[in-house]
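Undergrad: Please find one structure pasted underneath; my questions will follow.
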Amino acid sequence: MSDLSLSKTVEAALPRQFDFDRALNTFGAWTLAILWALPLLYAIWTAFHPAAYEANFELFAPLTLENFTKAWSAAPFAQYFLNTTMLVTIILMAQFVLCTLAAYAFARFDFPGSNILFTLVLLQLLVMPDILIVENYKMIRNLGLIDTIVAIGLPYMASGFGIFLLRQTFKTIPRELDEAARVEGAGPLLVLWKVYVPLAIPTYLAYGLVSVSHHWNNFLWPLIITNSVETRPVTVGLSIFAAVDGGVEWSVINAATLMTSGPLLIAFLLFQRQFVQSFMRAGIK
């Protein structure tokens with residue numbers, strides 16, 4: 001028997017040592033997962049059970065969809081969903097166009113001050129949007145766009161994070177593909193559309209999920225800039241619905257919460273693999 005096989009046999013015969021670090025990490029991960037899941041599980045329980053079972057957890061409690069019906073009829077959620085869908089679509093399309101053009105310029109063109117400009121883009125990531133609320137409100141008021149869907153999305157139509165993410169992806173694309181397209185007579189914009197954009201689709205998908213989830217859940221700026229049902233997104237509508245003076249049952253409130261957050265949960269579950277893989281591919285090279 002060789003020394004290598006003998007050492008493997010001895011290692012297999014020895015009892016495996018307890019890995020304290022791994023056990024601690026596993027325990028911490030499960031603890032955080034349970035703490036994160038408990039509010040969601042409670043919301044699901046109360047939404048699908050009568051109000052009498054809000055704090056009475058019986059295994060065979062009757063199921064009902066009445067809470068969703070009450071929530072849908074108690075507030076104009078159809079209008080809220082329409083407003084939010086229009087809002088996230090407008091923002092996402094504008095971000096795709098502006099971030100793509102800026103990222104392509106930073107990734108493939110050498111021009112004076114490019115490094116300084118890209119540094120300023122990265123510094124924008126350090127600025128909290130809430131700091132700019134007063135200045136943004138003044139700008140929107142001067143443009144006469146108060147209480148419009150465009151006003152909600154205008155400050156977010158250019159994203160430093162989107163520029164950074166797409167720039168890193170574009171820099172991983174071989175220059176040979178760029179040069180081959182130029183030999184065929186393609187201009188810069190055609191090269192961008194035919195070469196770079198198709199190869200960056202996973203990154204667009206991941207960034208799209210991040211952008212949609214952020215602006216779907218954005219609350220403070222839409223609360224300040226909107227005054228009517230015709231422009232109010234679901235987050236603001238849900239907060240007003242839950243603050244009715246007459247009081248609302250928790251089961252109905254949680255049903256409304258699930259209606260507003262359900263689309264995001266479904267989207268993430270459907271695209272979670274592409275979401276993780278695209279961020280791994282678009283890391284700093």
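Undergrad: Filter the range 32-58 down to the residues that are over 24 Å from the mean Cα position of the chain (by Cα) and modelled with pLDDT of 85 or more and list them by number. Give the derivation first.
TA: To start, the set of residues in the range 32-58 that are over 24 Å from the mean Cα position of the chain (by Cα) comprises 45-58.
Hits for the range 32-58 are Trp45, Thr46, Ala47, Phe48, His49, Pro50.
Undergrad: Please find, among Ile149, Ile90, Ile133, the residue that is under 28 Å from Ser261 (Cβ atoms), touching a residue at least 60 places away in the same chain (Cβ under 8 Å), open to solvent by 60 Å² or more (accessible area, probe 1.4 Å) and within 22 Å of the chain's Cα centre (by Cα).
TA: Numbers: Ile149 fails: open to solvent by 60 Å² or more (accessible area, probe 1.4 Å); Ile133 fails: open to solvent by 60 Å² or more (accessible area, probe 1.4 Å).
Answer to the selection: Ile90.
Undergrad: Has the range 65-78 got any residue that is closer than 23 Å to Gly160 by Cα and not basic (Lys, Arg)?
TA: Quick first cut of the range 65-78, residues closer than 23 Å to Gly160 by Cα only: none.
Looking for residues that are closer than 23 Å to Gly160 by Cα and not basic (Lys, Arg), one finds none in the range 65-78, hence no.
Undergrad: If you go through the range 210-236, how many residues are open to solvent by less than 30 Å² (accessible area, probe 1.4 Å) and under 20 Å from the mean Cα position of the chain (by Cα)? Even if it seems obvious, please write down each step before you answer.
TA: Pass one, the range 210-236, residues open to solvent by less than 30 Å² (accessible area, probe 1.4 Å): 211, 215-216, 218, 221-222, 225-226, 228, 231, 233-236.
Then keep just the ones that are under 20 Å from the mean Cα position of the chain (by Cα); that gives 211, 215-216, 218, 221-222, 233-236.
Counting residues in the range 210-236 that are open to solvent by less than 30 Å² (accessible area, probe 1.4 Å) and under 20 Å from the mean Cα position of the chain (by Cα) gives 10.
Undergrad: Let me ask something else. So, in the range 103-126, how many residues would count as being farther than 14 Å from Leu165 by Cα, of a type in the set (Phe, Trp, Tyr) and at pLDDT 90 or above?
TA: 0
Undergrad: Moving to a separate point now. Being without any contact (Cβ under 8 Å) to a residue 12 or more places away in the chain, under 26 Å from Thr172 (Cβ atoms) and open to solvent by 70 Å² or more (accessible area, probe 1.4 Å) narrows it down to one residue among Leu117, Leu125, Leu82, Leu98; which is it?
TA: Numbers: Leu125 fails: without any contact (Cβ under 8 Å) to a residue 12 or more places away in the chain; Leu82 fails: under 26 Å from Thr172 (Cβ atoms); Leu98 fails: without any contact (Cβ under 8 Å) to a residue 12 or more places away in the chain.
Just a single option satisfies the conditions, and that option is Leu117.
Undergrad: Can you tell me which residues in the range 101-114 are open to solvent by less than 50 Å² (accessible area, probe 1.4 Å), part of a helix (DSSP H, G or I) and not charged (D, E, K, R)?
TA: At the first step, the residues of the range 101-114 found to be open to solvent by less than 50 Å² (accessible area, probe 1.4 Å) are 102-108, 113-114.
Going one step further and asking which of them are part of a helix (DSSP H, G or I), we end up with 102-108, 114.
Selection gives Ala102, Ala103, Tyr104, Ala105, Phe106, Ala107, Ser114.
Undergrad: Go through (1) surrounded by 15 or more Cβ atoms within 10 Å (Cβ to Cβ); (2) out of contact with any helix residue (DSSP H, G or I) (no Cβ under 8 Å at 6 or more places or on another chain); (3) part of a loop (DSSP other than H, G, I, E, B); (4) not small (Gly, Ala, Ser) one by one and return the number of the condition His49 breaks.
TA: Unmet condition: (2).
Undergrad: Specify which of the listed residues (Ala71, Ala61) is surrounded by 11 or more Cβ atoms within 10 Å (Cβ to Cβ), part of a loop (DSSP other than H, G, I, E, B) and touching a Phe, Trp or Tyr at 6+ places or on another chain (Cβ under 8 Å). Full working, then the answer.
TA: On the way: Ala71 fails: part of a loop (DSSP other than H, G, I, E, B).
Result of the check over Ala71, Ala61: Ala61.
Undergrad: What's the number of the condition Trp193 fails, among (1) at pLDDT 85 or above; (2) of a type in the set (A, V, I, L, M, F, W, C); (3) within 21 Å of the chain's Cα centre (by Cα)?
TA: (3)
Undergrad: Turning to a different aspect of this structure: When the residues of the range 197-209 are filtered to those that are free of Cβ contacts under 8 Å to residues at least 40 places away in the same chain and either of a type in the set (S, T, N, Q) or part of a helix (DSSP H, G or I) (or both), which remaining residue is least open to solvent (accessible area, probe 1.4 Å)? Walk me through it before giving the result.
TA: Quick first cut of the range 197-209, residues free of Cβ contacts under 8 Å to residues at least 40 places away in the same chain only: 198-201.
If we keep only those that are either of a type in the set (S, T, N, Q) or part of a helix (DSSP H, G or I) (or both) as well, we get 198-199, 201.
Details: Pro198: 60, Leu199: 96, Ile201: 100 Å².
Among them, the one singled out is Pro198.
Undergrad: Looking at (1) charged (D, E, K, R); (2) farther than 27 Å from Leu125 by Cα; (3) part of a helix (DSSP H, G or I), which is the one condition that is false for Glu230?
TA: Tallying (1) charged (D, E, K, R); (2) farther than 27 Å from Leu125 by Cα; (3) part of a helix (DSSP H, G or I), Glu230 fails exactly one: (3).
The values are calculated or read from the model by the stated rules, or taken from the named source; none is laboratory data. As the structure is a computational prediction, the values presented were derived from the model and not from experiment. Note that each Cβ is placed from the backbone with ideal geometry, even for glycine, and that neighbours are counted across all protein chains shown. For accessibility, only protein heavy atoms count, side chains too; no ligands or nucleic acids. Shrake-Rupley method; radii C 1.70, N 1.55, O 1.52, S 1.80 Å.
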